[in-house]
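Colleague: Here you go, one structure.
The values are calculated or read from the model by the stated rules, or taken from the named source; none is laboratory data. None of the values given here were measured: they were computed from a predicted structure. Backbone-built Cβ (ideal geometry, glycine too); neighbour counts: all protein chains shown. The protein model used for the area step is the full one, side chains on, heavy atoms only, and it has no ligands, DNA or RNA in it. Shrake-Rupley method; radii C 1.70, N 1.55, O 1.52, S 1.80 Å.
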Amino acid sequence: MSDTVHHKHQGFISLHRLEGFSDAVFAFAVTLLVVSLEVPKSAHELFHLMHGFIAFGVAFVLLMVLWYQHGKFFKRFPLTDLWMISLNTALLFVILLYVYPLKFLFASLFDSWIWRANNDNFSSVSEIRQLMAIYGAGIIAVNFVFFSHA
């Protein structure tokens, strides 16, 4: 590898450290999806708890898609300069910030769509609009980070 190419791919930290830290943050985000689940004390509590498994599954899959795309991105662009570290930090921040809204959104949707549960999570249509705006802002932020590498 020539000096200029080697210098171009040399960053502030090693790619392995950046990927390792990122993987740890993704693992923590998945943990946050599960952490609020406690062992049920009755069959009724178990059945109620199982209603949340589909929402957990969808949120888990979405996080795994982001984790996969993140890994693919760094295979294609193995850069660890300050700009990449900043973008990666922003992405990880958004992912951690949006774990609970993501879980809440899907739990609310599946409670009403599949389980036909009386969904008293919202007191007005305005709250639903605000949740969708928050969720949309998260999607925009994640995509902004992925597309800002150039």
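Colleague: Please identify the pairs in which a residue from the stretch 56-85 that is closer than 30 Å to E38 by Cβ has its Cβ atom under 6 Å from the Cβ atom of a residue that is among the charged types (D, E, K, R), counting only partners at least 6 apart or on another chain.
Modeller: Pairs found: A59/K103.
Colleague: Could you say which residue among V25, V65 is within 20 Å of P101 (Cβ to Cβ), open to solvent by 50 Å² or more (accessible area, probe 1.4 Å) and out of contact with any Pro (no Cβ under 9 Å at 6 or more places or on another chain)?
Modeller: V65
Colleague: Moving to a separate point now. Considering each residue of the stretch 75-131, count those that are over 17 Å from N143 (Cβ atoms), of a type outside the set (V, I, T) and not in a helix (DSSP H, G or I), and give that number.
Modeller: Number satisfying all stated conditions: 13.
Colleague: Could you tell me which residue of the stretch 77-99 is least open to solvent (accessible area, probe 1.4 Å), considering only residues that are of a type in the set (F, W, Y) and at pLDDT 85 or above? Please lay out each step first, then the result.
Modeller: So in the stretch 77-99, the residues of a type in the set (F, W, Y) come out as 77, 83, 93, 98.
Restricting the remaining residues to those that are at pLDDT 85 or above gives 83, 93, 98.
Numbers: W83: 130, F93: 130, Y98: 46 Å².
Ranking the candidates gives Y98 first.
Colleague: Looking at F56, F60, F74 in this structure, which one is touching an Asp or Glu at 6+ places or on another chain (Cβ under 7 Å), under 30 Å from V145 (Cβ atoms) and hydrophobic (A, V, I, L, M, F, W, C)?
Modeller: Answer to the check: F74.
Colleague: Could you list, in sequence order, all residues of the stretch 38-62 that are aliphatic (A, V, I, L, M), open to solvent by less than 50 Å² (accessible area, probe 1.4 Å) and more than 25 Å from N143 (Cβ to Cβ)?
Modeller: L49 - this is the single residue of the stretch 38-62 that is aliphatic (A, V, I, L, M), open to solvent by less than 50 Å² (accessible area, probe 1.4 Å) and more than 25 Å from N143 (Cβ to Cβ).
Colleague: Related question: If you take the residues of the stretch 100-135 that are among the small types (G, A, S) and at pLDDT below 90, which of them is most open to solvent (accessible area, probe 1.4 Å)?
Modeller: Among those residues, the one meeting the criterion is S123.
Colleague: Can you work out which of the residues in the stretch 1-20 that are surrounded by 15 or more Cβ atoms within 10 Å (Cβ to Cβ) and modelled with pLDDT of 80 or more is nearest to G71 (Cα to Cα)?
Modeller: Keep residues of the stretch 1-20 that are surrounded by 15 or more Cβ atoms within 10 Å (Cβ to Cβ), which gives 11, 15, 18-19.
Filter once more, keeping what is modelled with pLDDT of 80 or more: 15, 18-19.
On the way: L15: 11, L18: 11, E19: 8 Å.
Residue satisfying both the conditions and the ranking: E19.
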